[in-house]
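The values are calculated or read from the model by the stated rules, or taken from the named source; none is laboratory data. Because the structure is a prediction, the values reported are computed rather than measured. Positions of Cβ are generated from backbone atoms using ideal geometry, with glycine treated the same way; all protein chains shown enter the neighbour counts. Just the protein is used for accessible areas: all its heavy atoms, side chains included, with ligands, DNA and RNA removed. Shrake-Rupley method; radii C 1.70, N 1.55, O 1.52, S 1.80 Å.
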Amino acid sequence: AAAAGSAVAAAGLWSEVNRCGQNGDFARALKSVNKILQINKDDMTALQCKVVCLIQNGNFKEALGVINTHTKVLTSDVIAFEKAYCEYRLNRIESALKTIQSASQQTDKLKELYGQVLYRLERYDDCLAAYRDLIRNSQDEYEEERKTNLSAVVAAQSTWEKVVPEDLGLREATYELCYNSACALIGQGKLNEAMKKLQKAEELCRQSLSEDSDVTEEDIEAELAIIHGQMAYIMQLQGRTEDALQLYNQIIKLKPTDVGLLAVIANNIITINKDQNVFDSKKKVKLTNAEGVEHKLSKKQLQAIEFNKALLAMYTNQADQCRKLSASLQSQSPEHLLPVLIQAAQLCREKQHAKAVGLLQDFADQHPANAAEIKLTMAQLKIAQGSVTKACMILRSIEELQHKPGMVSALVTMYSHEEDIDSAIEVFTQAIQWYQQFQARTNYGCCVFQPKSPVHLSLIREAANFKLKHGRKKEAISDLEELWKQNPKDVHTLAQLISAYSLVDPEKAKVLSKHLPSSDTMSLKVDVDALENSHGATYVRKKAGKLTGDNQQKEQGQGEVKKKKKKKKGKLPKNYDPKVTPDPERWLPMRERSYYRGRKKGKKKDQVGKGTQGSTTTGSSELDASRTASSPPTSPRPGSAAAVSATSNVIPPRHQKPAGAPATKKKQQQKKKKGAKGGW
């Protein structure tokens, strides 16, 4: 009777579970399943239903616990997909991969999950093959989603692995497909085409979402945030940093829920700020530390964010934090250049240039594959310190770049700056020899004449010009002869060769001059009138008028006669006297003339300022006019004007008239108008 009652109760509970599952009420379904398990704790179907209910409610950790607790009942064949899915959602990607691979039967659900796991592990080639197989062998309503995932894999390959994507023939009918296609174009550097794709994706997104009446404008803007973020990234790559920054800030104001999108945008803003606006960068860097960011971004994205954190610490003078971050990055990627370059830059900011060079040298010794870039940085530091010769030695130690025209040009310029002409010529010689050996290796066993490469000939010409410029005529002659041998019709090289021989061997120069073409063959067919009348001509000839009469006869008989310009006579000074011999030293400054005696110093100037403050000089009594009986008072008193004129006939200096001046001078008196008002 008890068993029959339990069976009836279990049947009722299963009916409840079925009804709740169809209605999507998995919380009530879970309660009913738990009651069934109280009746029979090892019921496999009930345990499976419990796992499904927990997954639907988002309790992945608890669901995985149930699976691991009942391993005897829930074997891998029965519950493989649910277990792998829980591990995938808990970001245990490697465990999920093992669970999928250990399953005895690969169902369509497991294959779908397998593709997602491979994408998260960044195994894009395997992921591409998995999705191709799924699309080929399945026909259901999820075909569009599979194609979207396939295009996302191709975009990731183009962006992170720099693989040229193949044309999948997908019809870009949805905004997701357009967006992924734009990302693939960005990876190829086709920024303008990518921008057009993103604009199309934005239009399709608005159309598809506006059809749903429940979707608000805020929801549409939130969905468009990732498209706008990619648009801003293209603007940043194109150098339109102001437009990119404005769009980035608009997206941040929307407060999207995607922490990965926010982290990428914040990182891009930090790269725009660089060493400016560091307070804004400090605020933005907090967005890159949000929970779950590490599961949303690729390894290269996370690495770039960490690099920028280290650089920001350097710009904000947080030396210890910068060293800590760069050391951590170096331990994660020992062969990567950026961590050691950041450490060297921090040492340079602390004026420890020798230590920075030593750090770079150690890295170059440990990682020869990256030695070239490190040595270029070392050379730059030496140049900044003024050690140009040492910088040249470092550059010459980079064997794979010694023969490059850019390296040769840089070394020659630096040696010329140090006036080390012999070393500069040696650089040219080594580069030319390298190209000769390279040509000998490529033409091994070939006896016919082989022309030299354009780069080789260009180096020989530059070496010859350099030697001619610095007076090494004999050394330049061999280079010029080699060039002329390669192209006997090169008149410019022949002219240089003749010019060089004229200073060393004039007879040889005469012999070579016979090879010069005649003046008739060298004449250029140029329309002089058209050239002079062109817009770029600096001189425009005036159009000659019609010649008539005597002028025509003169032209025919005598030809054109150049008019001689008359020289203007120089102007003579007003006080010039032809009888007096001019001063031969008149062109010299007055101080440099032999008869200059210096300025005469006045007595008053000699006396002013001598002695201590407040003291009087010995001649002060003589300057006091009040003590002399004959001297008039400084200001006449009323009624004493006659007495002043009687006692002294001396006219004050200010009242004396200059010689040759008229006897009388009228004084102009300014008459003031009555009632006139001054000012405005």
query = Taking Cys392 and the conditions (1) more than 24 Å from His470 (Cα to Cα); (2) open to solvent by less than 20 Å² (accessible area, probe 1.4 Å), which numbered condition does it fall short on, given that it satisfies the others?
reply = (1)
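For the range 360-370, indicate whether the set of residues that are on the phi < 0 side of the Ramachandran plot, free of Cβ contacts under 8 Å to residues at least 40 places away in the same chain, open to solvent by less than 50 Å² (accessible area, probe 1.4 Å) and not in a helix (DSSP H, G or I) is non-empty. Break it down into steps so the answer makes sense when it comes.
Start the filter on the range 360-370 by keeping residues that are on the phi < 0 side of the Ramachandran plot, which leaves 360-370.
Retained after the next criterion (residues that are free of Cβ contacts under 8 Å to residues at least 40 places away in the same chain): 360-370.
So of that shortlist, the ones also open to solvent by less than 50 Å² (accessible area, probe 1.4 Å) come out as 360, 363-364, 367, 370.
Still in the running and not in a helix (DSSP H, G or I): 367.
Yes - at least one qualifying residue is present in the range 360-370.
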query = part of a helix (DSSP H, G or I), open to solvent by less than 80 Å² (accessible area, probe 1.4 Å), more than 20 Å from Leu13 (Cβ to Cβ) and among the small types (Gly, Ala, Ser), is that true of Ala46?
reply = no
task = Could you please tell me which pairs satisfy a Cβ distance under 6 Å, a separation of 6+ or placement on different chains, a first residue in the range 325-337 that is in a helix (DSSP H, G or I), and a second residue that is open to solvent by less than 50 Å² (accessible area, probe 1.4 Å) and charged (D, E, K, R)?
result = Leu325/Lys309
query = Quick one: would you say Asp243 is within 13 Å of Leu287 (Cα to Cα) and open to solvent by 50 Å² or more (accessible area, probe 1.4 Å)?
reply = no
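Every residue, every condition in (1) closer than 18 Å to Gln301 by Cβ; (2) modelled with pLDDT of 95 or more; (3) assigned to a loop (DSSP other than H, G, I, E, B), yes or no:
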position	(1), (2), (3)
Asp214	no, no, yes
Glu218	no, no, no
Ala222	no, no, no
Gln230	yes, yes, no
Tyr233	yes, yes, no
Ile252	yes, no, no
Pro256	yes, no, yes
Gly260	yes, no, no
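Okay, residues lined up against (1) in a loop (DSSP other than H, G, I, E, B); (2) open to solvent by less than 60 Å² (accessible area, probe 1.4 Å); (3) closer than 27 Å to Leu185 by Cα; (4) at pLDDT below 95:
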residue: Asp77; (1), (2), (3), (4): no, no, no, yes
residue: Glu82; (1), (2), (3), (4): no, yes, no, yes
residue: Glu112; (1), (2), (3), (4): no, yes, yes, yes
residue: Asp125; (1), (2), (3), (4): no, no, yes, yes
residue: Arg132; (1), (2), (3), (4): no, no, yes, yes
residue: Glu145; (1), (2), (3), (4): no, no, yes, yes
residue: Ser151; (1), (2), (3), (4): no, yes, yes, yes
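Give the residue, chosen from Asn267, Asn192, that is polar (S, T, N, Q), open to solvent by less than 60 Å² (accessible area, probe 1.4 Å), in contact with a helix residue (DSSP H, G or I) (Cβ under 9 Å, 6 or more places away or on another chain) and in a helix (DSSP H, G or I). Quick ask: steps written out before the conclusion?
Numbers: Asn192 fails: open to solvent by less than 60 Å² (accessible area, probe 1.4 Å).
Every option except Asn267 fails the conditions.
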task = State which residue is farthest from Leu302 (Cα to Cα) when the search covers only the range 86-105 and only residues that are assigned to a loop (DSSP other than H, G, I, E, B) and open to solvent by less than 80 Å² (accessible area, probe 1.4 Å).
result = Ala103
note = Listed by first then second residue, the pairs whose first member lies in the range 250-271 and is more than 18 Å from Glu221 (Cβ to Cβ), whose partner is among the aromatic types (Phe, Trp, Tyr), with beta carbons under 7 Å and at least 6 positions apart or on separate chains, are Asn268/Tyr233; Asn268/Tyr248; Ile269/Tyr248
task = Residues being more than 20 Å from Arg349 (Cβ to Cβ) and among the polar types (S, T, N, Q): count how many of those fall in the range 375-417.
result = 6
message = Among the numbered criteria (1) loosely packed, with under 15 Cβ neighbours inside 10 Å; (2) part of a helix (DSSP H, G or I), which one does Gln139 miss?
response = (2)
